[in-house]
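> The structure under discussion is supplied below as structure tokens; questions concerning it will follow.
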């Protein structure tokens with residue numbers, strides 16, 4: 001049985017569990033213009049911390065309020081704005097601890113609607129860089145260990161994915177293979193419209209306690 005410890009703001013943590021997951025995005029237009037979107041999707045084990053994050057993102061309040069309604073009655077119209085290390089990611093972590101498996105540093109994106117839940121094993125309508133559904137062409141990112149609270153407590157993957165056709169990206173995730181593979185982390189966000197040669201630079205983070 002895990003021993004729980006209480007950290008700031010009554011945040012209960014069991015050692016070795018996921019503490020926070022978030023995704024930062026920069027849109028890079030074909031003409032070189034950069035649009036810093038910042039943290040577009042965030043989850044924390046502490047409901048208080050999730051609320052604090054929402055308070056900082058006041059512009060997103062209408063989307064969150066709409067989602068409370070849409071998730072229950074018309075899920076197809078939900079904006080989502082959730083990000084998680086999904087259940088299938090646990091197997092990747094335990095395999096890596098045993099010295100087996102493949103690192104989940106491959107980035108994919110999708111154009112479908114929905115709110116991320118822990119049981120998800122795929123993206124919402126995953127598409128290729130040419131915005132065609134039905135296949136996978138993940139972009140290999142660069143991984144690192146970074147310090148968020150304690151030394152090396154956060155796994156980070158940074159990578160840039162460039163569109164070759166027009167489409168609106170609504171979600172993204174990390175996989176353990178360049179094609180196909182097992183989903184490790186997934187986040188959804190307000191749609192980002194891309195034209196050919198536009199790109200999204202992703203910084204994906206999973207923090208452990």
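> Starting from the Cα-Cα distance between residue 133 and residue 90, subtract it from 0.36 nm times their residue separation and give me the gain in nm to one decimal.
That works out to 12.8 nm of additional length.
> Is any residue of region 168-186 close enough, with backbone N under 18 Å, to a label point placed 7 angstrom from the Cα of residue 125 along the Cα-Cβ axis, and if so, which?
Residues 168-173 fall inside that zone.
> Neighbouring Cβ atoms within 10 Å as the yardstick, rank 83, 182, 100 fewest first.
Exposure proxy ranking, most exposed first: 100, 182, 83.
Quick note: the coordinates plus some simple rules give every number you see, no bench work behind them. Quick caveat: nothing in here was measured; it's all calculated off a predicted structure. Here the Cβ is made from the backbone with ideal geometry for all residues, glycine too, and neighbour counts use every protein chain on show.
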